[in-house]
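Asker: Have a look at this one before I ask anything.
The values are calculated or read from the model by the stated rules, or taken from the named source; none is laboratory data. Fair warning: this is a prediction, and the values are worked out from it, not measured in the lab. Positions of Cβ are backbone-derived with ideal geometry, glycine not excepted, and every protein chain shown enters the neighbour counts. All accessible areas refer to the heavy atoms of the entire protein, side chains included, with ligands and DNA or RNA removed. Shrake-Rupley method; radii C 1.70, N 1.55, O 1.52, S 1.80 Å.
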Amino acid sequence: MSNEHAPLLAHGVCGLSVDTAVCGMGGSEGTGEASTPNAVPRKLNTFFGVIVPTVLSMFSIVLFLRTGFVVGHAGLLQGLVMLLVAYTIISLTILSICAISTNGAVQGGGAYFMISRSLGPEFGGSIGLMFFLAKVCACGVYVLGLVEAILDIFGQDPVSASALRVLPQGYWYTVLYSSIVLLLVLLVCLVGAHIFARTSFLILLVVTISLLSIYISPMALTTPLNFLISHQGPGNQTLTYNASYTGFNGTTLRDNLGSSYTVDYSTGKVMSFASVFAVMFTSCTGIMAGANMSGELKNPSAAIPKGTITAVLYTCIVYVLLFILASSTCERTLLVQDYGFFQRINIWPPFVTIGIYCSALSAAMCSLIGASRILHALALDQLFGFPLAPAAITSSSGNPWVAVLYTWGLAQVRRGHGCIILSCATVSLANLMPTFQVFSWHTCLLGILSCLVMMFVINPVYSSASIILLLLLLLFLHYRSPTSSWGYISQALIFHQVRKYLLMLDVRKDHVKFWRPQVLLMVANPRSSCQLINFVNQLKKGGLFVLGHVKLGDLDTLPSDPVQQQYNFWLSLVDKLGVKAFVDLTLSPSVRQGTQHLLRITGLGGMKPNTLVLGFYDSCTPEDYFLQDPAFYESEEAGGDDFGVDLPSLQAHFPPVRHVESPRWLTPEEYVGIISDAIKMSKNVCLGRYFFQLQGESMGTKMDGAERIIDVWPLNLLRPGSTSAASVDVCSLFLLQMACVLNMASRWRHARMRIFLCVEAESSDQGWVVKEETFRELLRKLRIRASIKIVPWDSVVQLYGQKQTQDAELGELGLMRPAPALSEDFLSAVNCLLMEHSAQAAVRFLYLPRPPTHSSQSQQYLSQLEAVTQGLGPTLLIHGLTPVTCTEL
C-alpha cells in the first residue's frame, strides 16, 4: 500500500480530503513493490541485495577465528549440536520474517518496517530502536575485531624480529586504528547502496577464495606438522604448548568427538557449553542483513525470503564442513591454544589473513548500512520526534546520508551489546496471511521461546536489561499515543477477542446483580450538550455509552449517504472531550423515527443500550460550550488530530447553537413520543436539564466530589396519592441505583448523597414513621450509604386535590382517560419544595412520571415538568423499568 511508509497519521483517512491513492492499493500487483510518487529507483536483486550481505554478516570473523575455539572446547558432537540449535532458532525466526515480508509491500527499514507494520508503532518503534543500537554495537565489535587481527600481524612486538610489525600498540592507538577503519566503512556507505553491494560482492569473492584454500590445504599438506605455541600466563610466566596437525586421521577425529572445556587463553576463564555457544551464536545474528536492505531491493517480498533462506543454508553447510575438517585434522591442543590455527595449516597463510580482514570489514559495513536504514525509517515515521528528524534527510539519489552519519557517530562511542535476538523473536508475534505459507503460530511460539531461553543462557544480565529497555520504550511510545494507518496486528487481535467475548455475553444469562447502565445519549448539537455528555460518561460507570444523532433526510433523494462523512468529526469530538463513548449516526425523515432505529440496532449481542438519555425540551437558549472550553478554541490545537480533523473543521461541522427565534427540529409531540417509544421498547428514560450549569466534568478537571451533594427524590412528586413514604416501585429503586452508580464514579466518589422522603406529617395516620424505618432497612439491605431527610408536604398535597388523585389512579390502571391537569399553584408548590431543600445540590435525581397516552397532552406534560424543575440547576428526571436491585449474594 502506498501509505505503508507514511508517518503517523496526519492527513486523514478515506473520505476526509485524502488523495484516493492513499486509500487504495498503491503497490504493483504481484511484485510487492510500492509505487510511491517520486520514489527512488530500487536497483538490487536477490543475490546482491540479500544473499551477499547475509552470508558475509553470518561469516564475519567468527568463521576464521572461532571455529577452533568451538570445536576444541565443545568437541565435534556438541559443536554440531550447537549448530543445530542455533540454526533451528534462526530458521524459526526466518519463517516469520518470510511470512511478514510476503504479506504486503515492503519498504525501507527492514525488520523495523515489517515489525511496526505488523505489531504497531509501539512494538515496532521500541524494537526498531533496540535493533538499531544492536547493529551499531555490532559494527563497533567487528571494527575492533578487525583492528585486533591487524595488530596480530603488524603490531609491534619486542619478542619478534619480523619486519612487518611496525604498528605501535596501546589503547589510544587501537582507538585511532578503529576510527580509521570506521571512516573507511563510512565512506563506502555514504556513496550509496550500489557501491556497498559491489564492494560486498568483491569481498565475498575474496572470502570464498580463502575458504577454498582452507578446504584444499589438508589435501596438499599430507605430512604432519608440529607447532610450539606460547602464551603469557599468570604471574608473567610463559606457558608453552606442543600442538600437532595430523592431516585427516581417524584417531584425531575420535579424540575430538567429545567435549573438553578448559581455560580460554584469551580471557583466562573456564569455558562451558553456554559460553562457547554464545560465541558461536553471534554468527547467526546476521540473518537480518538482507532484510535491512529492503528499501534498495527491486522486489523485497520475493528477494528477502529466497535470499535469506539460501544464505542460511549456504553458511550452515560451510560451518558443518569446517567443523568436520578441523576435528579430523588438528589435535585438540592446537584448536584450543591457537584460534587462528587456519593460518598455520594453510598452503599460503596470507589467504586466511586476507579472509579475516575482508569478512570483518564486510560485517562492519553491513551493520553500519543496515543500522542507518533502520534509523532512516524510524525518522520517517516520526516516532521519536525531533531528535531523529534530521535522519529523514536523503541525497538526490535517495541515500539517507544523515542517518549514516548518525550511525557512524554512535559506532565511534559504542560500549556494549544490543538485544538482536529479542528483536528477531518479537517479529514472530504477527498473525498474517502471507504468500509464504511454511509457518504457523506453533513455529512462532517455538521461535519466541527458543530465543528467550538462549538469551538467558548466553547472558542473563544483558537479557534482562534488554527486556527492561524494551518495556520502557513500549511505555514511552504508548503514552505518546502514536496513531497510524499501517493496519497492525493488534487491531486484528482486539477484533478477534471482542467478537469471542461478545458471543459469550449471552443476553439470556443477564442477572440483576451484574446490571449496569448502558446508555444511548441522543445529541442534537454537541455545542450545547458537552456538559451532559461528560456527565453521562461518569454516570455509565463501566457500562456502554453511545452518542446517537439523527441526520434528517431521505436516502432516496441523496446521491450518497451523508452520515458516513460525519463519523470522523464525531469521533474527534469524543477524543477532545476525553469520554469513553461510541458513536452511532443514522439518516431518517424524522428525529423520532431515527431514535427508534438507534434504540433497536445500536450495540451488539449483550452490549445494547438499556437506557435512553435526552436533553430537556424547553425554551431556554442553549450556550455554546465550544466557546468555553480552551480545547475547542486555543490556536495551538489548530493543527488537528491524527485523523485529518483540524479544529476549524470540527467547529465548522457542528452548526451554531439555536437562537430563541430559530425553528425547532422537534415538536413537543415528537419529543414526548420518543419518551413513549422508549418505554414501549422497555428502555429506561432519563431527561437532563440545566446541565450546562454543571461544573467540573471536563477532561482536565481534577476533583473527587468531596464538596458535592447528590439529592435523590425517589417518589413521584406529581402524583402524591400514588405513593407513600415507603411504597417505592421499580422506578424509585432504579432512580436510587443510578444515584449510587454516579456516587461510585471517580469525580463523585466522595460526594454526599441525600434521599428525601415526602410525608404527610399532620395526617391522623402516623404510619409513615414505621414506613420510614422500613425504608431505612431497605437502604441497608441494598448497601446504599445515604442520609434520609424527612420532608413534610401536607400543604402541597392539599393543593393537589382528591379528584385529581382519583383520575390519576384511573390513568395508571390503563383506562385511557386523559391525564389530569395540575394546577399552577400545585406545580409552583412542588418547585418551591425542591428549591428549599435541594438548592445546594450539585445534581438532583427526580422521578419522571409516565408520559400521557394522548399526543394532545404532550405540551401539558412538558409544561408540568418544566414548572417543577424551573431554576433548580442540574436535574435528571428518571423513569426506570428495569429491576436493578438484589439483596442476595
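Asker: Could you tell me whether LEU204 is under 26 Å from ASP338 (Cα atoms), modelled with pLDDT under 85 and open to solvent by less than 70 Å² (accessible area, probe 1.4 Å)?
Answerer: The answer is no for LEU204.
Asker: What is the one condition in (1) more than 23 Å from VAL402 (Cα to Cα); (2) open to solvent by 60 Å² or more (accessible area, probe 1.4 Å) that LEU184 does not satisfy?
Answerer: For LEU184, the exception is condition (1).
A quick yes/no check of all residues on (1) over 22 Å from ILE180 (Cα atoms); (2) modelled with pLDDT of 90 or more:
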{"position": "LYS298", "(1), (2)": "yes, no"}
{"position": "VAL312", "(1), (2)": "yes, yes"}
{"position": "LEU322", "(1), (2)": "yes, yes"}
{"position": "CYS330", "(1), (2)": "yes, yes"}
{"position": "VAL352", "(1), (2)": "yes, yes"}
{"position": "CYS358", "(1), (2)": "no, yes"}
{"position": "ALA363", "(1), (2)": "no, no"}
{"position": "ILE374", "(1), (2)": "yes, no"}
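Asker: Output the number of residues of the range 748-799 satisfying the condition of being modelled with pLDDT of 80 or more and part of a helix (DSSP H, G or I).
Answerer: 15
Asker: Does the range 538-572 hold any residues that are among the charged types (D, E, K, R) and open to solvent by less than 30 Å² (accessible area, probe 1.4 Å), and which are they?
Answerer: Hit for the range 538-572 is LYS540, nothing else.
Asker: I'd like the full set of residues that are under 19 Å from ILE458 (Cα atoms), open to solvent by 30 Å² or more (accessible area, probe 1.4 Å) and not aliphatic (A, V, I, L, M), limited to the range 261-278.
Answerer: Result: TYR261, THR262, SER266, THR267, GLY268, LYS269, SER272, PHE273, SER275.
Asker: Would it be correct to say that PHE281 is of a type outside the set (Lys, Arg), within 30 Å of LEU375 (Cβ to Cβ) and either part of a loop (DSSP other than H, G, I, E, B) or open to solvent by less than 50 Å² (accessible area, probe 1.4 Å) (or both)? Spell out how you get there, then give the answer.
Answerer: Working: of a type outside the set (Lys, Arg): yes; within 30 Å of LEU375 (Cβ to Cβ): yes; either part of a loop (DSSP other than H, G, I, E, B) or open to solvent by less than 50 Å² (accessible area, probe 1.4 Å) (or both): yes.
Here the answer is yes, as PHE281 does meet what is asked.
Asker: For ILE150, are the conditions met, namely being part of a helix (DSSP H, G or I), open to solvent by 10 Å² or more (accessible area, probe 1.4 Å), among the aliphatic types (A, V, I, L, M) and modelled with pLDDT of 85 or more?
Answerer: Taking the combined requirement at face value, the residue satisfies it.
Asker: May I pose another question? In the range 573-605, what count of residues is obtained for those that are of a type in the set (S, T, N, Q) and either at pLDDT below 90 or open to solvent by 30 Å² or more (accessible area, probe 1.4 Å) (or both)?
Answerer: Final tally of qualifying residues: 3.
Asker: Among the residues of the range 647-676, count how many are open to solvent by 40 Å² or more (accessible area, probe 1.4 Å), in contact (Cβ under 8 Å) with a residue 40 or more places away in the chain and part of a helix (DSSP H, G or I).
Answerer: The number of residues fulfilling the criteria is 3.
Asker: Given the conditions (1) of a type in the set (Ser, Thr, Tyr); (2) more than 30 Å from the chain's Cα centre (by Cα); (3) open to solvent by 10 Å² or more (accessible area, probe 1.4 Å), which single one is not true for THR54?
Answerer: Only one criterion in (1) of a type in the set (Ser, Thr, Tyr); (2) more than 30 Å from the chain's Cα centre (by Cα); (3) open to solvent by 10 Å² or more (accessible area, probe 1.4 Å) is unmet by THR54, namely (3).
Asker: Okay, next question. Here are some residues: PRO224, PRO218, PRO168. Which one is crowded, with 20+ Cβ neighbours inside 10 Å and not hydrophobic (A, V, I, L, M, F, W, C)?
Answerer: Values: PRO224 fails: crowded, with 20+ Cβ neighbours inside 10 Å; PRO168 fails: crowded, with 20+ Cβ neighbours inside 10 Å.
Result of the check over PRO224, PRO218, PRO168: PRO218.
Asker: Same structure again: Looking only at the range 103-133, which residues are of a type in the set (A, V, I, L, M, F, W, C) and open to solvent by 10 Å² or more (accessible area, probe 1.4 Å)? First the steps, then the outcome.
Answerer: From the range 103-133, those of a type in the set (A, V, I, L, M, F, W, C) are 105-106, 111, 113-115, 119, 123, 127, 129-133; that's our starting set.
ALA105, LEU119, PHE123, LEU129, LEU133 - these are the residues of the range 103-133 that are of a type in the set (A, V, I, L, M, F, W, C) and open to solvent by 10 Å² or more (accessible area, probe 1.4 Å).
Asker: It is to be established whether one or more residues within the range 65-76 are open to solvent by 20 Å² or more (accessible area, probe 1.4 Å), free of Cβ contacts under 8 Å to residues at least 60 places away in the same chain and either of a type outside the set (Gly, Ala, Ser) or within 17 Å of THR285 (Cβ to Cβ) (or both). Spell out the reasoning first.
Answerer: Pass one, the range 65-76, residues open to solvent by 20 Å² or more (accessible area, probe 1.4 Å): 65-66.
Filter once more, keeping what is free of Cβ contacts under 8 Å to residues at least 60 places away in the same chain: none.
No - not one qualifying residue is present in the range 65-76.
Asker: Please list, ordered by first then second residue, the pairs with beta carbon atoms under 6 Å, 6 or more apart or interchain, first in the range 264-276 and more than 20 Å from GLY233 (Cα to Cα), second modelled with pLDDT under 85 and aliphatic (A, V, I, L, M).
Answerer: From the range 264-276, the pairs are ALA274/VAL457.
Asker: Given the condition aliphatic (A, V, I, L, M), at pLDDT 90 or above and more than 30 Å from the chain's Cα centre (by Cα), answer yes or no: does some residue in the range 533-540 qualify? If you could, list the steps in order and put the result at the bottom.
Answerer: Step one: of the range 533-540, the residues aliphatic (A, V, I, L, M) are 533, 536, 539.
The next check asks that each one be at pLDDT 90 or above; those that pass are 533, 536, 539.
Still in the list and also more than 30 Å from the chain's Cα centre (by Cα): none.
Taking every residue of the range 533-540 in turn, none turns out to be aliphatic (A, V, I, L, M), at pLDDT 90 or above and more than 30 Å from the chain's Cα centre (by Cα).
Asker: Moving to a separate point now. Just give me the residues in the range 321-374 being outside any helix (DSSP H, G or I) and small (Gly, Ala, Ser), in sequence order.
Answerer: Of the range 321-374, the ones outside any helix (DSSP H, G or I) are 330-331, 338-340, 345-349.
Matches in the range 321-374: GLY340 only.
Asker: Can I ask one more? Quick one: count up the residues across the range 340-383 that are of a type in the set (Ser, Thr, Tyr), under 47 Å from the mean Cα position of the chain (by Cα) and open to solvent by 10 Å² or more (accessible area, probe 1.4 Å). Walk me through how you get there before you give the answer.
Answerer: We begin by selecting, within the range 340-383, every residue of a type in the set (Ser, Thr, Tyr); these are 353, 357, 359, 362, 367, 372.
If we keep only those that are under 47 Å from the mean Cα position of the chain (by Cα) as well, we get 357, 359, 362, 367, 372.
Still in the list and also open to solvent by 10 Å² or more (accessible area, probe 1.4 Å): 357.
Result for the range 340-383: 1.
Asker: Something else about it: May I ask you to verify whether LYS269 is modelled with pLDDT under 90 and under 23 Å from GLU331 (Cβ atoms)?
Answerer: Working: modelled with pLDDT under 90: yes; under 23 Å from GLU331 (Cβ atoms): yes.
Answer is yes for this residue.
Asker: Could you grab the pairs with beta carbons closer than 7 Å, sequence gap of 6+ or different chains, first residue in the range 305-334 and under 16 Å from HIS73 (Cα atoms) and outside the structural domain of TYR245 (by the TED database), second one at pLDDT 95 or above and surrounded by 23 or more Cβ atoms within 10 Å (Cβ to Cβ)?
Answerer: No pair meets every condition.
Asker: Filter the range 492-516 for residues that are open to solvent by 100 Å² or more (accessible area, probe 1.4 Å), assigned to a helix (DSSP H, G or I) and of a type in the set (D, E, K, R) and give the result.
Answerer: Correct list: ARG499, ARG508, LYS509.
Asker: I've got another one for you. How about the range 833-889: which of its residues are among the polar types (S, T, N, Q), in contact with a Lys or Arg (Cβ under 7 Å, 6 or more places away or on another chain) and surrounded by 20 or more Cβ atoms within 10 Å (Cβ to Cβ)?
Answerer: Listed by number, the residues that qualify are SER838, THR869, THR875.
Asker: Inspect the range 163-172 for any residue being of a type in the set (Ser, Thr, Tyr) and either more than 54 Å from the chain's Cα centre (by Cα) or in a strand (DSSP E or B) (or both) and give the result as yes or no.
Answerer: No, the range 163-172 has no match at all.
Asker: For the range 584-608, what are the residues that are out of contact with any Gly (no Cβ under 8 Å at 6 or more places or on another chain), outside any helix (DSSP H, G or I) and hydrophobic (A, V, I, L, M, F, W, C)?
Answerer: Selection gives LEU604, MET607.
Asker: Of the residues that sit in the range 293-306 and are part of a helix (DSSP H, G or I) and farther than 15 Å from CYS98 by Cβ, which one is farthest from the chain's Cα centre (by Cα)? Before you say what the answer is, go through the steps one by one.
Answerer: Of the range 293-306, the ones part of a helix (DSSP H, G or I) are 293-296, 300-306.
Imposing the further condition that a residue be farther than 15 Å from CYS98 by Cβ reduces the set to 293, 295-296.
Details: MET293: 26, GLY295: 25, GLU296: 29 Å.
Among residues in the range 293-306 that are part of a helix (DSSP H, G or I) and farther than 15 Å from CYS98 by Cβ, the one farthest from the chain's Cα centre (by Cα) is GLU296.
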